[in-house]
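> Take this structure first; my questions come after.
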C-alpha cells in the first residue's frame, strides 16, 4: 500500500496499528491522532493497580516520546472532525486537513452517562480515561462514603479498592446478580460473597433515581425503591457507547458499532475500523459482534497492519478478558453466553476454581478465579476448536496439560 496511514484514536487498537506497521517494515507516513493530552497509554490499570495508587502516570504509557520519534510515528494532539471520502482527506478540529492512503478508525467508546437529576455534580465520577482515574484517586483520599452505580467489572474493581482504602461502599445494581451479563451465576455468587465479606453492601433490583446534593456537593443517592443511601462520592459504571459519529457522518454503515467485514474493512476500501468501535463479522462465531477487550483491540490492529503490508487475512482472534477485584483475579477465555451447563473445577472455598461452560456438550468458555492454569488451558484449546467432556472437567484427577498436548 502507498500513501499515508492515518489512525484516529490512540488507545490499544490505534497504538498497535502504528507499531505493527513499522514492525512489518511499512515505510510510509503514519499519523496517530490523539484527542487526549497524554502520550498513548494503557487503560486497564486505570480501574485496577493505578487506581490503588501503584505507579505514576508515566507507568501507564505504552512507550516514551523517544519511541515515537525514533519510529517516525507522528503524534497529532487533535480531534477528528470529518472525513471527505471522495478526496481521501481527514479534517481535524484545528482546521488541519490530512490526506490518507488508508484511514483506520480506532475511535473506541465513551462512558454511558447517568441520566438522573444532579448527575453532573462534581463528585459524580466515571472511570475510563487517565484524567478520570486521577479524579477518582483524589476524591477517594478525601471522601468517606462511596456509592457505585453498576455492578460490572469497572464498578466492582473500584468498589473493592475504595473499601480497601477505608471508605464505606454501597453498590447499586438493577440486575439480580453482579456482572450478570458477563459471567455465570457461579462466578457472580463468589464475587458477591467476597465483596460483602469485605463490608461492601450490594443492592439488587434497584436503580439510582436521583443524586442528592447540597451546596454543590453530593449527599446521597435516591433509589427506585424509595431509599436514600448517604454518599459523598458517586462512581458510575453503567456501560459504554461506541464512538461511531465520525463514521456515520461520512455515510459509512453503522449500528451498535462501525460495520466492518471479516477483514475489518468498512464499506469504503480505504477505511478500516477496529477495537471497541468496530462491529465485525465473525466467521468463527457466525455473527456480528462488538467486543470491548484489550485482546480484541490489539489482535484487530495486527490484522489490519498485516493487510496493509500485503498479508490480507480474515480476523479470527479468540476473545479473552480479565478483572482484578481486591485480591481476586477473574480471567475469562471464550464467550460463555448461551451456555446450558456449568461444571465447577477446583475449590470455591479455597478461592481457586473455574466454571467450565458448555453448550450442547461442547466447551465454549472458561471463567477462572485465581486459577491461571485453567485459563491458559482455555486460551489454547478453545481457539483450536477442541473440547473436553463435562465429566472430564469435573474430575480433579483429569490432567489438563496432557489434554492440551
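The rows are residues; the columns are (1) surrounded by fewer than 23 Cβ atoms within 10 Å (Cβ to Cβ); (2) assigned by TED's automatic domain parsing to the domain that holds residue 300; (3) assigned to a loop (DSSP other than H, G, I, E, B).
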position	(1), (2), (3)
16	no, yes, no
33	no, yes, no
38	yes, yes, yes
45	yes, yes, no
54	yes, yes, yes
58	yes, yes, no
63	yes, yes, yes
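> If you check residue 353 against the conditions, is it in a strand (DSSP E or B), modelled with pLDDT of 95 or more and at negative phi?
Details: in a strand (DSSP E or B): yes; modelled with pLDDT of 95 or more: yes; at negative phi: yes.
Considered against the rule, which asks whether it is in a strand (DSSP E or B), modelled with pLDDT of 95 or more and at negative phi, residue 353 comes out as yes.
> Exactly one of (1) at negative phi; (2) not assigned by TED's automatic domain parsing to the domain that holds residue 124 is unmet by residue 232. Its number?
Condition (2) is where residue 232 drops out.
> Which condition does residue 255 not pass, out of (1) closer than 27 Å to residue 19 by Cα; (2) assigned by TED's automatic domain parsing to the domain that holds residue 104, if it passes all the others?
(1) is the only condition that residue 255 fails.
> Another question, if that's okay. In region 356-376, what residues are part of a helix (DSSP H, G or I) and either within 21 Å of residue 191 (Cα to Cα) or touching a residue at least 40 places away in the same chain (Cβ under 8 Å) (or both)? So that I can check it myself, show each step before the final result.
At the first step, the residues of region 356-376 found to be part of a helix (DSSP H, G or I) are 372-376.
372, 373, 374, 375, listed by residue number.
> Here's a follow-up. Among the listed residues 263, 331, which satisfies the condition of being under 20 Å from residue 384 (Cβ atoms), touching a helix residue (DSSP H, G or I) at 6+ places or on another chain (Cβ under 7 Å) and not assigned by TED's automatic domain parsing to the domain that holds residue 178?
331
> On to the next question. May I ask you to list the residues in region 361-378 that are surrounded by fewer than 19 Cβ atoms within 10 Å (Cβ to Cβ) and more than 14 Å from residue 342 (Cβ to Cβ)?
370, 372, 373, 376, listed by residue number.
> Counting only residues that are in a loop (DSSP other than H, G, I, E, B) and touching a residue at least 60 places away in the same chain (Cβ under 8 Å), which one in region 128-149 is nearest to residue 112 (Cα to Cα)? Give the derivation first.
Of region 128-149, the ones in a loop (DSSP other than H, G, I, E, B) are 128-129, 141-144.
Restricting the remaining residues to those that are touching a residue at least 60 places away in the same chain (Cβ under 8 Å) gives 128-129, 143-144.
Working: 128: 11, 129: 13, 143: 24, 144: 25 Å.
Selected residue: 128.
The values are calculated or read from the model by the stated rules, or taken from the named source; none is laboratory data. Just so it is clear, the structure is predicted and the values come from calculations on it, not from any experiment. A quick note on method: Cβ atoms are made from the backbone with ideal geometry, for glycine too, and the neighbour counts reach across all protein chains shown.
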